[in-house]
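Notes for the one structure printed next.
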Amino acid sequence: MAAISLARLRSRVETLARFGALSGGGVTRTCWSPQHEEARAWLLGEIRAAGLEAWVDPAGNVFGAVGTRAFGADAPAVLTGSHIDTVPEGGILDGALGVLAGLEALQTIREAQAPHRRPLAVAAWSDEEGRYGSLFGSRAFCGRLDLTRVEAMTAVDGERLVDAMARAGFDPRRVGEATAPAGAVAAYVELHIEQGPRLEEARIPIGVVDSIVGVRRTRVAFVGQADHAGTTPMERRRDGFLAAAEYALKARELVVKHGGGKSVTNVGVVRVHPGVTNIVPARGELVHELRGPDPETLAGLDRRSVSLARRVARRRGIDVEIQPMSATEPAICSARVQAAIEQACATLGIPSTRLYSAAGHDAQNLAAITDAGMIFIPSKGGRSHRVDEMSDWDAIERGANVLLHTLLGLAA
Ligand code: GLV
Ligand code: MN
Ligand code: MN
């Protein structure tokens, strides 16, 4: 039976981890950064060294294919992949594992000359982590990117996407050319770490993802009045930060109360302006994220959050600006791909369970154009989006072999 080489996969995972490596462990490798572009060049070299055809599309997605360049509608490809960008101070497996295990599976198939009727390809989707907008590369590939918005897309620190792309040698006006022709992808399957504690706690080695979370991000800015922090009487202050703080606490209560048990919320970005100790903040700005598996619940939470922001602002006599940043709809994974993963697990004698993904993934864009699914392996301590994110190497080997046999099943 065909099997991947853990030694080769591990060596690639450890090498990729050097691009953007932090002294205390983990990596910062945000999309289009110099570290990311060095990693991209290295990845292209690895794809070619594995005997695969390699190319990059105008949205910055990297591809490798067994045989000829994929994505003609006449020969739909079975596709795998993930991403090589990371969150700031992220781990070495989130995204990297799915790309490198995909490459390893394709190299194994090529070397073993394992029979497959459909073309096979691996993708590294650009900006999965959404520095400039969520799931950018897979959105472009799947025709789900609003091209009129590319010019305005900006990171939370103010850097414009078009500038970051130009610095990396890409022409943002050509992003639309990345859209795949209809029918180009026969199926998509992505291997990823779970990023949560459920598989480890249940002692089950493989998760077969049945659905993926929807995510909404909104910039909420409370605009009050700058004043002297010593001389202005308390009752006369119009403090933008205090409004933002009240909103953050009440939004959490709102999601716990009306979120149906599975919805979650986070405020991971907060800005205070002018941001000095002796000025009452004129402006308190935050990015509010809402997540959940159910589209109606999510839309309801979004509406309630907007009303809450207006109420908080009104009561405090200040203004509020509400700007939706991104919306990713929840996705259902394909029954055919779930069955193919379960068949691969049965072939390999590995137990599995079905699982909901509370993290966002490129697979949810692919689900709009083809049969898409995901394979999860346990994360140590459920840790992710932090520098000590890790999985056991034998769990990685199992996951990569399940990916290999799922790809062979889907391409047969
Ligand atoms: C992707 O990592 C996400 O934010 O869920
Ligand atoms: Mn991530
Ligand atoms: Mn990821």
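For this structure, a couple of remarks:
- Test result for residue 296, surrounded by 13 or more Cβ atoms within 10 Å (Cβ to Cβ), of a type outside the set (A, V, I, L, M) and closer than 30 Å to residue 188 by Cβ: no
- Test for residue 13: is it within 15 Å of ligand 3 (Cβ to nearest atom), in the same structural domain as residue 405 (by TED's automatic domain parsing) and over 22 Å from residue 136 (Cβ atoms): yes
- Residue within the stretch 150-159 that is in contact with a strand residue (DSSP E or B) (Cβ under 6 Å, 6 or more places away or on another chain), away from ligand 1 (no atom under 16 Å from the Cβ), on the phi < 0 side of the Ramachandran plot and not in a helix (DSSP H, G or I) present: yes
- Qualifying residue in the stretch 117-126 (condition: among the polar types (S, T, N, Q), crowded, with 24+ Cβ neighbours inside 10 Å and more than 14 Å from ligand 2 (Cβ to nearest atom)): no
- Residue match in the stretch 183-194 (condition: outside any strand (DSSP E or B), within 16 Å of ligand 2 (Cβ to nearest atom) and at pLDDT 95 or above): yes
- A single entry from 396, 375 fulfils the requirement of being within 23 Å of residue 328 (Cα to Cα) and either touching a residue at least 12 places away in the same chain (Cβ under 8 Å) or crowded, with 24+ Cβ neighbours inside 10 Å (or both): 375.
- Residue list for the stretch 362-384, restricted to those being in a helix (DSSP H, G or I) and in contact with a Cys (Cβ under 7 Å, 6 or more places away or on another chain): 365, 366
- For the stretch 312-361, filtered to residues that are over 25 Å from the mean Cα position of the chain (by Cα), in a strand (DSSP E or B) and not hydrophobic (A, V, I, L, M, F, W, C), the residue that is nearest to ligand 2 (Cβ to nearest atom) is 321.
- Residue check for residue 360: within 12 Å of ligand 3 (Cβ to nearest atom) and surrounded by 20 or more Cβ atoms within 10 Å (Cβ to Cβ): yes
The values are calculated or read from the model by the stated rules, or taken from the named source; none is laboratory data. What you see is a predicted model; the values in this text were computed from it and never measured. In this analysis, Cβ positions are derived from the backbone assuming ideal geometry, glycine residues included, and neighbour counts consider all displayed protein chains.
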